[in-house]
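The values are calculated or read from the model by the stated rules, or taken from the named source; none is laboratory data. Computed from a prediction, not measured in an experiment: that's the story for all the values here. Here the Cβ positions follow ideal geometry from the backbone for every residue, glycine too, while neighbour counts run over all protein chains shown. Only protein heavy atoms, including side chains, enter the accessible area calculation; ligands, DNA and RNA are left aside. Shrake-Rupley method; radii C 1.70, N 1.55, O 1.52, S 1.80 Å.
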Amino acid sequence: MKYFAAFDIGGTKTAFGIYDESYREQFYGKIDTLPGRGAEDLVQRLFRECGQQFRRFGVERAGLACAGPVDEKRGVVNNTTTLHWQDVPICVLMENAFGARFMLMNDCDAAACGEYAKSNVND
């Protein structure tokens, strides 16, 4: 069975989970984002919280959802409103820490995709 992970980076908290192919939750957690401490600090704290679970489930791919403007192709966050991050290569930072492939989406777009995948709704 394959497992995947999802991260939701918000201005106050970052939630994360690991799911199986049937969307059953295998692991869930959340930590304070503390955006003023920078993206590198957040990545290190996330790895401490769930890196072991990544290895346990053999996660090879993960999704990142983040508020504000994001450059999905480059995996870069440009959120100056809640995170105050500009040109942060979040996917590269996460890939280096976790050893898995990460993809980035705006959080609203990610929510819509998740609703469609789970419920097969069209709007």
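Highest average first, the peptides 35-41, 54-60 ordered by how many other beta carbon atoms sit within 10 Å of their residues are 54-60, 35-41.
Treating r as the C-beta distance of residue 12 and residue 95 and R0 as 30 Å, the FRET efficiency rounds to 0.75. Placing a label point 7 Å from the Cα of residue 108 along the Cα-to-Cβ direction, the residues of region 51-71 with a backbone N closer than 20 Å are 64-71. Volume per residue of the convex hull around the Cα atoms, evaluated for the chain, comes out as 99 Å³. In terms of the mean number of neighbouring beta-carbon atoms within 10 Å, the peptides 77-83, 67-73, 88-94 order highest first as 88-94, 77-83, 67-73. Net charge dipole, the chain: roughly 420 debye, given to the nearest 20, about the Cα centre with Cβ charges of +1 for Lys and Arg and -1 for Asp and Glu.
A simple spin-label model places pseudo-atoms 7 Å from Cα toward Cβ; at residue 40 and residue 119 they are separated by 4.2 nm. Counting only protein heavy atoms and a probe of 1.4 Å, the accessible surface of the chain is 49% carbon and sulfur. Lys-Lys pairs in the chain that are eight or more residues apart or on separate chains and whose Cα atoms lie under 24 Å of each other come to 5.
Considering only alpha-carbon pairs that sit under 8 angstrom and 6 or more positions apart, the relative contact order computed for region 66-117 is 34 percent.
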